[in-house]
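Structure first, commentary second.
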Amino acid sequence: MTDLQSLVAPTCNRLADVLETAGAWDKPSLCEKWLVRHVVAHMTMPARLTPEQFGAEMAAAGGDFGVLSDTVAARDASLPTEDLLGQLRSPKLHGWQPPGGGAAGALSHAVIHSLDVTIALGLPTVAPDEAVTAVLDLLTGANGAWFGVDLTDVRLEATDSAWSWGSGGRTVRTDSGSLVAFLSGR
């Protein structure tokens, strides 16, 4: 079995490398209402906030993680791009695990949000193939419940690997990164 946590660093580092040269911080992402800089500000929140600061932000958001995410992304998207790139490369971010989510949650966070950026920009996936496949397995293992995707009568087939899932009559056939985006409700 793969150490899921070990796949977070290469995903984040490769995204930082791409963003360092792409200059696309103010382009739309796959996340509704968020530019690339908002996604990166959200992704890197664990590198900036202590657990106590996160708790205070959550309390200020009335316990609503969506409100917290939007608030922090809107505020921290204005940080210098050099700071956001440094946070993407931060060992603190690479070792972070969401409360109750463990390494699987950390990897999902890195892979899904990196795809929110790269797919929107028409760039190749930055996450290692093994990371994308692990997230596909996690999302289908939950039968689409993480993001409320109805997988009734669906078969998923990756065009860039041998990965597939399901036996339904409706086939979704595309590259692995796009399948992750689909399963993430994008």
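The ratio of the alpha-carbon radius of gyration of the range 22-101 to the globular-protein estimate 2.2 N^0.38 Å is 1.08. Applying D = kT/(6 pi eta Rh) to the range 103-142, where Rh is the Kirkwood radius over alpha-carbon pairs, T corresponds to 10 °C and eta to 1.306 mPa s, the Stokes-Einstein value obtained is 155 µm²/s. Using only helices, what value at 222 nm comes out for the chain when you add -39,500 (n - 2.57) per DSSP H run of length 4 or more and divide by the total residues, to the nearest 500 deg cm²/dmol? Result for the chain, helices only: -16500 deg cm²/dmol. Computed over the chain, the P(r) tail beyond 20 angstrom holds 53 percent of alpha carbon pairs. Residues Arg155, Arg37, ranked from the fewest to the most other C-beta atoms within 10 Å, line up as Arg155, Arg37.
For Val172, the residues whose amide H sits under 5 Å from its own are Arg155, Leu156, Glu157, ignoring neighbours fewer than 5 places away on the same chain, with H placed 1.01 Å from N.
The angle between the Cα long axis of helix 8-22 and the longest principal axis of the Cα atoms of the chain comes to about 70 degrees, rounded to the nearest 10. Between helix 51-60 and the chain there is an angle of about 90 degrees, using the helix long axis and the longest principal axis of the Cα atoms. Here the range 86-111 and the range 21-74 have alpha carbon centers that stand 14 Å from each other. Between 0 and 90 degrees, the angle of helix 102-121 with respect to the longest Cα principal axis of the chain falls at about 90 degrees. Computed on the range 4-183, with alpha-carbon pairs under 8 angstrom and 6+ residues apart, the relative contact order is 24 percent.
Measuring r between the beta carbons of Thr171 and Glu32 and using R0 = 35 Å, the FRET efficiency lands at 0.85. Comparing Thr11, Thr140, Thr174 in a Gaussian network model of the chain where C-alpha atoms under 10 Å apart are linked, the largest mean-square fluctuation is found at Thr174. When Cys12, Cys31 are sorted by how many other C-beta atoms sit within 10 angstrom of their C-beta, beginning with the fewest, the order is Cys31, Cys12. The mean sequence distance of close C-alpha pairs (under 8 Å, at least 6 residues apart), as a share of the length of the range 83-186, puts its relative contact order at 22 percent. Stretching the chain fully between Thr159 and Thr21 yields a gain of 46.9 nm (0.36 nm per residue, less the alpha carbon separation).
Rule-based calculations on the coordinates, nothing more; no lab input. Because the structure is a prediction, the values reported are computed rather than measured. Counting neighbours? That spans all protein chains shown, and the Cβs are built from the backbone with ideal geometry, glycine included.
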